[in-house]
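The values are calculated or read from the model by the stated rules, or taken from the named source; none is laboratory data. Given the structure is predicted, the values throughout are model-derived calculations rather than measurements. When we count neighbours, we look across all protein chains shown, and the Cβ atoms used for this are built from the backbone with ideal geometry, even at glycine.
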Amino acid sequence: MFARRGTGGPGLRAVVLVILVAFVAGIAMGWGTGLIGEQLAAPAPSPSPSSTPTPSPTPDVSVPPVEPIDRQLDEADRLAGLTSLAVPEEGEGTFTVGSTDGEPSGDAASVKWVRVEYEDGLEMNGRALSQFVLAVLNDHRGWGARGRYEFVPTSGAPDMRIVVASPTTTAATCLNPHAPASIGAAVDEETTPTPTPEPSPSEAITCADRGLIMISHYDWAAGLDAYGEDRTGSRAFQVNHGVGHLLGDEDGVCASGRALIMTDQRDLAEECEPNPWPWPDEPAPEPSETPQPTASPAAREQDAG
């Protein structure tokens, strides 16, 4: 370009100096822009603690003080799973399964799988408790009379859960233990035996809807007043009355005479006789004839001789 104009171009030293100055200026400008950007940028958010989750409200239940049971443990108590008459007001909130897996005989119209449990913290023999409950349910006077039902124990997913729990846990879990199961209600089939409190005092989903019967440990040990010293009858009533609700039956009323099993016998009129059985007049089945042992061939030969 300078040649065409007839003029001399800039010297080499001047060109190198210009390039060097431009390079240094570019670096300085970039460093300054980055520094200003850091100062103008919003500060990084500092971590803040998350709010503590609010615990779910538990039902406000009123449980009468647990009065000591002033008597000795007897054989009927042991057969019902009790190993002590000391009743804590509140248990641990976890549960142990006492029943093992059985097999139906196939002789009944319907099979109901039953899981028997007790709350941890209670002094119980789970195996004896399960045997007592199943014996009551399969008694000839029980709900399975004349082949209606067969109740089979299980340690897995049940149709019915029968749980002996502390008075506090029982009251908090089943706000209305006398409510019958709804038609077509789903049954609790979880294998973890953890009854949970109902969502509201109205108990839209009842314990019966979940296939759950909760029996107060105090009622199990002390017995109901209407039964006096017949604590075995009292325990049979508590089981059968609860199962009646699971089967959809509602509470009845007794004015006089023998009470029906669905009468709330905790508050029984003096004119009424307590009754722990759904079919109290059902006769006991005839004992099966014991087959005579067949003689061995040698014995028959000896007799013939």
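Is it fair to say residue 180 is modelled with pLDDT under 95, assigned to a loop (DSSP other than H, G, I, E, B), touching a helix residue (DSSP H, G or I) at 6+ places or on another chain (Cβ under 6 Å) and farther than 21 Å from residue 130 by Cα?
So residue 180 fits the description; yes.
Consider the stretch 116-134. How many of its residues are farther than 11 Å from residue 217 by Cα, assigned to a loop (DSSP other than H, G, I, E, B) and touching a helix residue (DSSP H, G or I) at 6+ places or on another chain (Cβ under 8 Å)?
Of the residues in the stretch 116-134, 1 are farther than 11 Å from residue 217 by Cα, assigned to a loop (DSSP other than H, G, I, E, B) and touching a helix residue (DSSP H, G or I) at 6+ places or on another chain (Cβ under 8 Å).
Which condition number does residue 140 fail, the rest of (1) closer than 17 Å to residue 242 by Cα; (2) modelled with pLDDT of 95 or more being met?
With respect to (1) closer than 17 Å to residue 242 by Cα; (2) modelled with pLDDT of 95 or more, residue 140 is out only on (1).
Inspect all residues belonging to the stretch 147-154 and state whether any of them is touching a strand residue (DSSP E or B) at 6+ places or on another chain (Cβ under 8 Å) and under 23 Å from residue 223 (Cα atoms).
no
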